[in-house]
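Below: one structure, written as structure tokens.
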Amino acid sequence: MSKLGNLGARLHRGEVGYDFVGKRKIWYGVSILITITAIVGLVVRGLNMGIEFQGGAVFTTPRTSVSVTQAETYAKDASGHIAVVQKLGTGGLRIQIAGIDTSKSDQIKDTLAKELSVPSEQINADLVGPSWGEQIANKAWEGLAIFMVLVVIYLAIAFEWRMAVAALVALIHDITITTGIYALVGFEVTPGTVIGLLTILGYSLYDTVVVFDSLKEQTKDITKQTRWTFSDVANRSINSTLVRSINTTVVALLPVAGLLFIGGGFLGAGMLNDISLSLFVGLAAGAYSSIFIATPLVADLKEREPQMKALKRRVLAKRAQATEAEPAEGAVEGDFGADEPQDDAAPAVVGQRSQPASRNRGRGRPSGKRR
């Protein structure tokens, strides 16, 4: 078995693990810092909305020797607006000018033909009216809102409302970070960007539900025992699915990284950037939020309940009692701290006792002592 596979098995059995839930304040602080940076980027720079959302024109030219930089200058002089120019595989240019009056498209087209030294009738013009772009933007927001509402309803029914709230917070966290990165980088927001956002939200939700399902299974009858608090079990759920989350995230990021860095960067396929950036940032943020935000937040919300508060007091009291008795009697059954015996490290089904612990009862006591 590979080292990663062996680590995954040990994490699943509870033999090793990292205290994600116990250090949740650190993760909350990191997320707040990143989110504030994203919001500042949105406020200061704003989103570079594509032509589909604000209207304009796209001119496609035949083969020309004019460079992209020169074409951008010609298009700006002809329209009075900043133009986005891309070199096509045919040797022609794709000139996109947003926010212009479509009635002036013929005039801009003639000016471009003159500057680029190509016949005007060979330049293809696609026009997008501002009202149509506004309608597309409104539909995108409506679709996102409907998606969020359905997610909350489903999770509240399948799990409980606290998990639905935690998942919603994680999704908003992912959207804010992704859109903030778009604002800071300056990439154009197109319908492909919206598709990418919806895709990463579904992926993030899937990763979160995997942990929630494990948590729901392990917290059955949790109040009938005094070995673990809800946070302890939540931490076990994260660790038991950690390797799976890492593997799925890496496998998903590799082809997206190829689109973004190779296709969009080295090959100059600029049209891939709008969807690949949202996928790359969103997948990474989704994996982070499912581990460091959603499940710790569920633990916070659950441990506000009177039953969970009482359970936590009982567990801590029993651990304190075991710690006080340990110097006198050595290893004490029921100690659930860092030095817990290996038989207690097996994956716990809350409310059941481990059989090997009963068979080992009495081991390690000085000879001659009986109880």
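The values are calculated or read from the model by the stated rules, or taken from the named source; none is laboratory data. Bear in mind the structure is a predicted one, so any value in this text is a computation, not a measurement. All Cβ positions, even for glycine, are placed from backbone atoms using ideal geometry, and neighbour counts span all protein chains on display. Just the protein is used for accessible areas: all its heavy atoms, side chains included, with ligands, DNA and RNA removed. Shrake-Rupley method; radii C 1.70, N 1.55, O 1.52, S 1.80 Å.
Here is a yes/no grid of residues against (1) in a helix (DSSP H, G or I); (2) touching a helix residue (DSSP H, G or I) at 6+ places or on another chain (Cβ under 8 Å); (3) closer than 17 Å to Ile195 by Cβ:
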{"position": "Ala113", "(1), (2), (3)": "yes, yes, no"}
{"position": "Ala125", "(1), (2), (3)": "no, yes, no"}
{"position": "Glu134", "(1), (2), (3)": "yes, yes, no"}
{"position": "Lys139", "(1), (2), (3)": "yes, no, yes"}
{"position": "Leu144", "(1), (2), (3)": "yes, yes, yes"}
{"position": "Val149", "(1), (2), (3)": "yes, no, no"}
{"position": "Val152", "(1), (2), (3)": "yes, yes, no"}
{"position": "Leu155", "(1), (2), (3)": "yes, yes, no"}
Leu311 vs. criteria open to solvent by 10 Å² or more (accessible area, probe 1.4 Å) and part of a helix (DSSP H, G or I)
no
Which is at negative phi, part of a loop (DSSP other than H, G, I, E, B) and in contact with a Lys or Arg (Cβ under 9 Å, 6 or more places away or on another chain), of Val84, Val118?
Val118
For residues that are among the small types (Gly, Ala, Ser), touching a residue at least 60 places away in the same chain (Cβ under 8 Å) and over 16 Å from Thr249 (Cβ atoms), tally how many sit in the range 201-239.
2
Quick check: is even one residue across the range 103-110 in contact with a helix residue (DSSP H, G or I) (Cβ under 7 Å, 6 or more places away or on another chain), acidic (Asp, Glu) and either assigned to a strand (DSSP E or B) or under 21 Å from Ile51 (Cβ atoms) (or both)?
yes
Single residue of the range 13-32 satisfying the filter (touching a Lys or Arg at 6+ places or on another chain (Cβ under 9 Å) and surrounded by 13 or more Cβ atoms within 10 Å (Cβ to Cβ)) that is modelled with the lowest pLDDT:
Gly14
Could you please let me know if Leu198 is under 26 Å from Leu301 (Cα atoms) and in contact (Cβ under 8 Å) with a residue 24 or more places away in the chain?
no
In the range 60-81, the residues that are of a type in the set (Gly, Ala, Ser), at pLDDT 85 or above and either outside any helix (DSSP H, G or I) or loosely packed, with under 14 Cβ neighbours inside 10 Å (or both):
Ser67
Which of the numbered conditions does Arg63 fail, given that it passes all the others? Conditions: (1) within 38 Å of the chain's Cα centre (by Cα); (2) over 16 Å from Ile181 (Cβ atoms); (3) not small (Gly, Ala, Ser).
(1)
Restricting to the range 70-105, name every residue that is polar (S, T, N, Q) and either farther than 23 Å from Val189 by Cα or under 36 Å from the mean Cα position of the chain (by Cα) (or both).
Gln70, Gln86, Thr90, Gln96, Ser103
Does the range 220-240 contain any residue that is touching an Asp or Glu at 6+ places or on another chain (Cβ under 8 Å), β-branched (Val, Ile, Thr) and over 30 Å from Ala317 (Cβ atoms)?
no
Subset of the range 206-226, residues surrounded by fewer than 22 Cβ atoms within 10 Å (Cβ to Cβ) and not hydroxyl-bearing (Ser, Thr, Tyr), comes to Val209, Val210, Asp213, Lys216, Glu217, Gln218, Lys220, Asp221, Ile222, Lys224, Gln225
